[in-house]
Amino acid sequence: MSKILIIDDEKSIRYTLREILEYEKYTIEEAKDGEEGLEMITNNHYDVVLCDIKMPKMDGIELLDKIALLEKEVQIIMISAHGNIETAVEATKKGAFDFIQKPIDLNRLLITLKNALERSSLVTETKVLKQKIAHKSEIVGFSAAIHNVLDDIEKVAPSEARVLITGPNGSGKELVAKAIHEKSARNKGPMVEVNCAAIPSELIESELFGHEKGAFTSAIKQRIGKFEQANGGTLFLDEIGDMSLSAQAKVLRALQEKKIARVGGDKEFSVDVRVIAATNKDLKKEIAAGNFREDLYHRLGVILIKVPSLDERKEDIEVLVEKFLGDIAKEYGTKPKAISKQAINFLEDRSWTGNIRELRNVVERLIILGAEEISLEDVKRYAI
């Protein structure tokens, strides 16, 4: 049940609002002034606060400033008989969800309240999802190899330098790219990913730069490309070694001039994008074979980060298994399973050609098919 705090120095207003909102099945609490309201918000969770502006001790506008410092996920609806356009604008700038004048229109109040609660729910869901994503994307391990990668991330993330991440398939190159973005000044902007290996060569330019209507047969409407979508944020070019030479030339030009043009269009657009690229290929060999542009390699590889294979960091297998046991149990809504030390030792002794991705798949298989405590016999049976 949604919880609402009413802050108003007029007892009759508080009583009337309580009567109306309790009838609508909301849980209601009251505060007689801004100071009492601030104390209650500090110590409790509310979905929405209905707050008067003109009050003794602390007015509603000052209270808005204090609530902002608390970083509470609460929607504030301001209510006043003395409001004007300037007051409403100021309240909104300071974070108020809406502004309602007295005498209160009941229908307007209930509609605004419904919208505020929907926004509160959306904010909470978004926060939970971000926490889940952050947890899922966490780089874990204590080995020297992974410590070096984490150290590089901390150093390079605050800069604007382009980064080229190398390493075998399944080793966690995407996690490194996400960590760099999250620790950068661009973390409020988007991170847009392009898997260059998954897009046909004839479509990669349209995917990256967009196209104008009529640029080719199937271009029935204008399309915004990944460079424009990532404006103000980070563009992650995964499997860059599989990009066609013609697309490489356009990417090089975009990096040099910080401008792009859509396919079939003449107009150029400025873009503010940090590019992070990744590949499992040896690009120097690809350059020698004529498959990759050397000038693009040097543009992309201002900073080089090599992600180790799982076989190069076997001392991290135990902590990775424990993480996957917890993560997968949460996904399934079950209690995490335990695993015996002998089973861990067996996993540490085998070779992992598929790296972390393969390890996670094996752990999921063991959760589904293994005993309550995953044993050595379970691992021998299901992990090979």
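The values are calculated or read from the model by the stated rules, or taken from the named source; none is laboratory data. Keep in mind that this is a model prediction, so the values were computed, not measured. As a convention, Cβ positions derive from the backbone with ideal geometry for all residues, glycine included, and neighbour counts pool all protein chains shown.
One table, with the values for the structure above:
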item	result
Matching residues in segment 145-172 - criterion: being crowded, with 22+ Cβ neighbours inside 10 Å and either among the polar types (S, T, N, Q) or outside the structural domain of D238 (by TED's automatic domain parsing) (or both)	S171
Residue that is surrounded by the fewest Cβ atoms within 10 Å (Cβ to Cβ) [pool: residues in segment 307-318 that are within 20 Å of D152 (Cβ to Cβ) and over 24 Å from the mean Cα position of the chain (by Cα)]	E315
Those residues of segment 216-254 which are more than 19 Å from R162 (Cα to Cα) and out of contact with any Leu (no Cβ under 7 Å at 6 or more places or on another chain), in sequence order	F216, T217, S218, A219, I220, K221, Q222, R223, I224, S244, L245, S246
Members of segment 334-384 found to be of a type in the set (S, T, Y) and assigned to a helix (DSSP H, G or I), listed by number	Y382
Every residue from segment 355-374 that is crowded, with 16+ Cβ neighbours inside 10 Å and of a type outside the set (D, E)	N355, I356, L359, R360, V362, V363, L366, I367, G370, I374
Some residue of segment 215-226 being within 21 Å of L255 (Cβ to Cβ) and touching a helix residue (DSSP H, G or I) at 6+ places or on another chain (Cβ under 9 Å)	yes
Residue in segment 222-229 that is assigned to a loop (DSSP other than H, G, I, E, B) and of a type in the set (V, I, T) present	yes
Cβ pairs under 8 Å, 6+ apart, first in segment 55-67 and in contact (Cβ under 8 Å) with a residue 40 or more places away in the chain and crowded, with 16+ Cβ neighbours inside 10 Å, second not in a loop (DSSP other than H, G, I, E, B) and not hydrophobic (A, V, I, L, M, F, W, C)	M55/G34; G60/G34; G60/D52; G60/S80; L63/G34; L63/G37
Among the candidates V194, V263, V273, V251, residue that is assigned by TED's automatic domain parsing to the domain that holds R293, crowded, with 16+ Cβ neighbours inside 10 Å and in contact with a Lys or Arg (Cβ under 6 Å, 6 or more places away or on another chain)	V194
Members of segment 236-289 found to be in a loop (DSSP other than H, G, I, E, B), under 20 Å from A215 (Cα atoms) and either touching a residue at least 60 places away in the same chain (Cβ under 8 Å) or among the acidic types (D, E) (or both), listed by number	D266
Residue selected from segment 325-350 under the condition under 13 Å from A383 (Cα atoms) and either within 23 Å of the chain's Cα centre (by Cα) or among the acidic types (D, E) (or both), by the criterion surrounded by the fewest Cβ atoms within 10 Å (Cβ to Cβ)	D349
Any chance I153 is in a strand (DSSP E or B) and either among the aliphatic types (A, V, I, L, M) or in contact (Cβ under 8 Å) with a residue 60 or more places away in the chain (or both)	no
Test for I6: is it among the aliphatic types (A, V, I, L, M), surrounded by 19 or more Cβ atoms within 10 Å (Cβ to Cβ) and modelled with pLDDT of 90 or more	yes
Cβ pairs under 8 Å, 6+ apart, first in segment 211-228 and at negative phi, second of a type in the set (S, T, N, Q) and in a loop (DSSP other than H, G, I, E, B)	H211/Q222; E212/Q222; K213/Q222
Residue among L203, L235, L175, L245 that alone is surrounded by 17 or more Cβ atoms within 10 Å (Cβ to Cβ) and out of contact with any strand residue (DSSP E or B) (no Cβ under 8 Å at 6 or more places or on another chain)	L175
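Matching residues to (1) in the same structural domain as T92 (by TED's automatic domain parsing); (2) in contact with a strand residue (DSSP E or B) (Cβ under 6 Å, 6 or more places away or on another chain); (3) at pLDDT below 90; (4) within 26 Å of L122 (Cβ to Cβ):
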{"residue": "T27", "(1), (2), (3), (4)": "yes, yes, no, yes"}
{"residue": "E30", "(1), (2), (3), (4)": "yes, yes, no, no"}
{"residue": "G37", "(1), (2), (3), (4)": "yes, yes, no, yes"}
{"residue": "T42", "(1), (2), (3), (4)": "yes, no, no, yes"}
{"residue": "V48", "(1), (2), (3), (4)": "yes, yes, no, yes"}
{"residue": "C51", "(1), (2), (3), (4)": "yes, yes, no, yes"}
{"residue": "K54", "(1), (2), (3), (4)": "yes, no, yes, no"}
{"residue": "M58", "(1), (2), (3), (4)": "yes, no, yes, no"}
{"residue": "I61", "(1), (2), (3), (4)": "yes, no, yes, yes"}
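So that you can scan it fast, the table gives a plain yes or no per residue for (1) modelled with pLDDT of 90 or more; (2) of a type in the set (K, R); (3) farther than 25 Å from E348 by Cβ:
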{"position": "K136", "(1), (2), (3)": "no, yes, no"}
{"position": "D152", "(1), (2), (3)": "yes, no, yes"}
{"position": "K155", "(1), (2), (3)": "yes, yes, yes"}
{"position": "A185", "(1), (2), (3)": "yes, no, yes"}
{"position": "E193", "(1), (2), (3)": "yes, no, yes"}
{"position": "L203", "(1), (2), (3)": "no, no, yes"}
